[in-house]
DNA sequence: TGCTATAGTTTGTGCTACAAACTATCTGAC
DNA sequence: GTCAGATAGTTTGTAGCACAAACTATAGCA
């Protein structure tokens with residue numbers, strides 16, 4: 001019975017990971033808008049995802065304004081796959097199994 | 001974008017709901033063993049599920065020992081279905097959508 | 001030289017999952 | 001009978017987390 005990864009299971013982070021899994025990278029403002037998150041909330045989620053190595057944070061400047069962009073890592077992609085497997089396992093969970 | 005129900009999303013309660021969805025009823029001791037939960041933890045999860053009307057708690061006596069058994073309600077079954085729909089929605093989440 | 005906007009980060013708080021401690025009853029052993 | 005576990009739960013205390021409000025810092029314009 002493989003446990004679900006709590007870092008990924010949290011609904012906001014799950015959405016973030018799913019979005020990032022489909023793009024090369026996405027920046028802070030885009031993610032905040034796409035997922036309707038406050039900046040503080042998004043910021044802390046991204047820091048958590050980076051801390052466990054599921055995403056990579058790149059800080060640059062666009063013109064003179066700071067621009068933070070995020071990309072999923074190979075490890076993040078692997079864990080996301082494992083997460084869905086664990087969910088599928090729960091989904092099949094019945095007493096008879 | 002229908003949000004996931006946090007009561008069901010919590011992994012332990014999700015397993016409980018999945019188990020109960022496949023049986024007429026299950027008692028406290030069985031659930032604690034089947035899901036490897038401490039009694040305190042199981043007790044509080046079951047109370048939460050009852051509070052929102054997803055399960056029904058029936059207290060009887062088996063011989064002279066108290067016996068608490070749990071069954072999913074129609075509402076619980078409905079919400080569990082809605083939950084999986086919401087999860088599937090997230091699973092399909094990509095930027096292009 | 002203000003004033004508003006943009007792009008984030010830090011801080012404070014209310015809630016939650018969990019296990020330890022507790023309650024209450026039963027069942028032998030002596 | 002009574003003492004010592006075992007059984008079946010519930011209540012309580014705590015550590016950790018998600019969230020938004022407050023804050024920092026710079027840009028760009030009137």
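Where a number appears in this text, it was derived from the coordinates with a stated rule and is not lab data. Here the structure is a predicted model, which means the values were calculated and not measured. Glycine also receives a Cβ, built like all others from the backbone with ideal geometry; neighbour counts cover every protein chain displayed.
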Exactly one of (1) surrounded by 13 or more Cβ atoms within 10 Å (Cβ to Cβ); (2) part of a loop (DSSP other than H, G, I, E, B); (3) at the interface with another protein chain (Cβ under 10 Å from one of its Cβ atoms) is unmet by residue A:36. Its number?
(1)
Determine whether region A:39-46 contains at least one residue that is within 19 Å of residue A:79 (Cα to Cα) and within 12 Å of the chain's Cα centre (by Cα).
yes
Of the numbered conditions (1) under 9 Å from the mean Cα position of the chain (by Cα); (2) without any contact (Cβ under 8 Å) to a residue 60 or more places away in the chain, residue B:17 fails exactly one; give the number of that condition.
(2)
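Take region A:54-75 and flag every residue that is more than 14 Å from chain B (Cβ to nearest Cβ) and away from DNA strand D (no atom under 16 Å from the Cβ).
Once the filter is applied, which keeps residues that are more than 14 Å from chain B (Cβ to nearest Cβ) and away from DNA strand D (no atom under 16 Å from the Cβ), region A:54-75 yields A:56, A:57, A:58, A:73, A:74, A:75.
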Any chance region A:43-53 includes a residue that's surrounded by 14 or more Cβ atoms within 10 Å (Cβ to Cβ), in a strand (DSSP E or B) and more than 7 Å from DNA strand D (Cβ to nearest atom)?
no
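Each row is one residue, and each column tells you yes or no for (1) under 20 Å from residue A:9 (Cβ atoms); (2) outside any loop (DSSP other than H, G, I, E, B); (3) in contact with a strand residue (DSSP E or B) (Cβ under 9 Å, 6 or more places away or on another chain).
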| residue | (1), (2), (3) |
| --- | --- |
| B:2 | yes, no, no |
| B:12 | yes, yes, no |
| B:15 | yes, yes, no |
| B:24 | no, no, yes |
| B:68 | no, yes, yes |
| B:89 | yes, yes, no |
Can you tell me how many residues in region B:1-19 are more than 8 Å from chain A (Cβ to nearest Cβ), over 13 Å from residue B:86 (Cβ atoms) and within 15 Å of DNA strand D (Cβ to nearest atom)?
4
Please verify whether residue A:26 is within 14 Å of DNA strand C (Cβ to nearest atom), at the interface with chain B (Cβ under 9 Å from one of its Cβ atoms) and within 12 Å of the chain's Cα centre (by Cα), treating the condition exactly as stated.
yes
